[in-house]
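What follows is a set of notes on a single structure, which appears directly below.
Any read-out appearing in this document is the output of simple, stated calculations on the displayed coordinates, not a laboratory observation. Every value quoted in this text rests on a predicted model; they were computed, and no experiment measured them. No Cβ is skipped: glycine too gets one built from the backbone with ideal geometry, and neighbour counts run over all protein chains shown.
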Ligand code: THU
């Protein structure tokens, strides 16, 4: 059973229930006729907004946008900023781990100390994407 309790430094101040509700509401907007696996994602921003997204599939399967992709799009289009907490669900409300590509997407927009509710409890970005590729090598070249 995943530990969803928050502690002092593990997301204790985060309203996970609101994030779960936002993820579920987003999931209802999924376009998933091929997999029939609707996904909803939601995240809290540093300035207190909740952004969300749903997966949008395509007949050319590889072009599918994960829920995290549309969520990050909403983040940018509604004021930008950084993410502090993340939640992702399937159509039953069960927690989902973000796929590998989406961990990279989340990494790009993480706030320091960002946490994720996962099937293994609250995890940091570093827990789910250690030794990540980031902007540093690109900045060193410029
Ligand atoms: N999916 C997401 O939306 N997010 C993930 O992190 C994992 C997978 C979607 C993509 C596809 O539409 C469906 O789940 C089945 O793979």
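Contact order, relative form, for the chain: 22 percent (alpha carbon pairs under 8 Å, 6 or more residues apart, mean separation divided by residue count). Estimated purely from DSSP H runs of n ≥ 4, each contributing -39500 (n - 2.57), the mean residue ellipticity at 222 nm for the chain is -8000 deg cm²/dmol once divided by its residues.
Here the calculated FRET efficiency for residue 13 and residue 37, from their Cβ-Cβ distance with R0 = 35 Å, stands at 0.65, rounded to the nearest 0.05. Fewest neighbouring Cβ atoms within 10 Å first, the residues 133, 109, 86 line up as 133, 109, 86. Beta-bridge orientation, the stretch 47-134: approximately 65 percent antiparallel, per DSSP, counting only bridges with both partners inside. From least to most packed, judged by other beta carbons within 10 angstrom and beginning with the fewest, 87, 61 follow the order 61, 87. The distance separating the Cα centre of the stretch 88-119 from that of the stretch 13-54 comes to 10 Å. Would you mind classifying the chain by shape? Square roots of the alpha carbon gyration tensor eigenvalues, ordered a ≥ b ≥ c; an a/c under 1.5 is rounded, otherwise it is prolate if a/b is larger than b/c and oblate if not. The shape class here is oblate.
In terms of its C-alpha gyration tensor, the stretch 52-125 has an oblate overall shape, because the principal axis ratio a/c (a ≥ b ≥ c, square roots of the eigenvalues) is not below 1.5 and a/b does not outweigh b/c.
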